[in-house]
Amino acid sequence: MFKDLMKFVLKFMARAVLARYHPKIIAITGSVGKTTTKEAIFHAVSEQVPSRASRGNYNNEIGLPLAILGEQSGRKNIFLFLAVVAKFVGLMLGRSYPRILVLEMAADRKGDIGYLASIARPDIAVVTRVGEAHTEFLGDAETIQREKSQLVRALDVRGVAVLNADDARVAAMQSLHRGKVVTFGLHPQAEVRAEEIKTQQLTYGSVFNPELDFSLRFVAVLQDNRIPIESPCNLGNPKVYAMLAALATAAELGLDVTRAAERLRTLPLQPGRLRPMSGIKRTVILDDSYNSSPEAAVESLRILTQIRAKRRLAVLADMLELGRATETAHRKIGRFVQTLGIDLLFCIGMRARFIAEEARAAGLAKSRIFEYASTAEAALPLQRKMQAGDAVLIKGSRGMHLEKVVLEVMAEPERAEELLVH
């Protein structure tokens, strides 16, 4: 009852604040990459225009209005909620507010995107990718596509749709918008595209310093410009897509895209999102523990294989909320692992056993596969198996709490508060 009342009041307050200040609203949705894209867009534009981004995963019917109000959650605490109301009153009486809001919009169930867009109608709608995430609640990929497309449908004719040209389901959304559409990606026909993508790695073997050794380099092509970009510590094509979306958005806002590109050199690393860090025994850890989906797991495994190392270890836990696709999706990952030449595979959880089974069936030696029922059981055996020069990917859904494994194998556990997911 309190939650329903809070939703109603938060929606009213958020819409009132937007009507008071009329900021430009950039909204991001997709099955994967929403938060990384949100952070890239905010980082690229905030130097030139006063901006605010939704914090963390404030992307649902409670979090989105709170992001608009610039407040933290007051859920289940009447005093914190009263503080939110006080902040609203201050905003309505004041004169200061960001000119740009960068908001993430998530969908666990049908109708979520439409509801969120009714609170904050986008001026620019960014769609990252449509995949199998949340199929337990949303159904098949076609249903997910329809749900995510509601963000594009919410644009008026003056709005701009910024769409991933490399995802067929996202690219198909171009037909839903009567106004301007900008595509981004690696496809040669994308209007904002990346070329010459390289992962720079300075050292390998028994010495790693991830905060210095790794950088992502590519050339961004847009508006007849070729802009070299180097982003230290960031890895992989998912980060490239996020930066391309950021440049496309900056261009549509009329900002200096060269300055925006330079700003992306300092794009902060997000905890648990493919973050390289020093591991015990002079190893490198790729901490991708924040969440997982079939598409994201494939990308992360590819990045693992691109790192020069003596051995490559993959720690893969359950991917949740996949519904009827659960077994098929996990088995697909198992087959993919076998093709990559992964040296050791650690599977955690009852669903991840399908990864192990399929990897064995595809030819990965039994002696290289280790299975554990829980996160707590896996940490010590992983420690024992790690050797100097290894690169270790740790990935699973948020509900598996793999940050506990990362804590046990990171070289600087005293930095856990700074580096890990909470």
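See the values below:
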item: Qualifying residue in segment 379-394 (condition: over 22 Å from Arg273 (Cα atoms), in contact with a strand residue (DSSP E or B) (Cβ under 8 Å, 6 or more places away or on another chain) and of a type in the set (S, T, N, Q)); result: yes
item: Count of segment 69-94 residues which are modelled with pLDDT of 90 or more and either exposed (fewer than 14 other Cβ atoms within 10 Å of the Cβ) or closer than 13 Å to Tyr21 by Cα (or both); result: 9
item: Output for segment 162-180, where each listed residue is more than 14 Å from Val130 (Cβ to Cβ) and buried (at least 20 other Cβ atoms within 10 Å of the Cβ); result: Val162, His177
item: Residue count for segment 381-396, restricted to those that are without any contact (Cβ under 8 Å) to a residue 40 or more places away in the chain and under 24 Å from Leu320 (Cβ atoms); result: 1
item: Selection status of Arg351, of a type in the set (Lys, Arg), surrounded by fewer than 22 Cβ atoms within 10 Å (Cβ to Cβ) and at pLDDT 95 or above; result: yes
item: Filtered residue count, segment 349-380, keeping only those that are closer than 12 Å to Ala317 by Cβ and of a type in the set (D, E, K, R); result: 4
item: Count - residues of segment 394-420 that are surrounded by fewer than 22 Cβ atoms within 10 Å (Cβ to Cβ), within 13 Å of Leu380 (Cα to Cα) and touching a Leu at 6+ places or on another chain (Cβ under 7 Å); result: 1
item: Test: residue in segment 49-68 that is modelled with pLDDT of 95 or more, in the same structural domain as Asp123 (by TED's automatic domain parsing), within 30 Å of Thr258 (Cα to Cα) and touching an Asp or Glu at 6+ places or on another chain (Cβ under 6 Å); result: no
item: Residues of segment 375-422 that turn out to be of a type in the set (S, T, N, Q), assigned to a loop (DSSP other than H, G, I, E, B) and in contact with a helix residue (DSSP H, G or I) (Cβ under 9 Å, 6 or more places away or on another chain), as a count; result: 0
item: Boolean, Ser367 is under 26 Å from the mean Cα position of the chain (by Cα) and either under 21 Å from Pro294 (Cα atoms) or polar (S, T, N, Q) (or both); result: no
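Matching residues to (1) over 17 Å from Leu216 (Cα atoms); (2) in contact with a Gly (Cβ under 8 Å, 6 or more places away or on another chain):
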residue	(1), (2)
Asp256	yes, no
Pro268	no, no
Val284	no, no
Leu301	no, no
Leu304	no, no
Ile307	no, no
Arg312	yes, yes
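The rows are residues; the columns are (1) modelled with pLDDT under 95; (2) on the phi > 0 side of the Ramachandran plot; (3) in contact with a His (Cβ under 9 Å, 6 or more places away or on another chain); (4) not assigned by TED's automatic domain parsing to the domain that holds Thr328.
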| position | (1), (2), (3), (4) |
| --- | --- |
| Met105 | no, no, no, yes |
| Lys110 | yes, no, no, yes |
| Ser118 | no, no, no, yes |
| Asp123 | no, no, no, yes |
| His134 | yes, yes, no, yes |
| Thr143 | yes, no, no, yes |
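The values are calculated or read from the model by the stated rules, or taken from the named source; none is laboratory data. The structure presented is a predicted model; accordingly, all values stated were derived computationally and were not measured. Backbone-built Cβ (ideal geometry, glycine too); neighbour counts: all protein chains shown.
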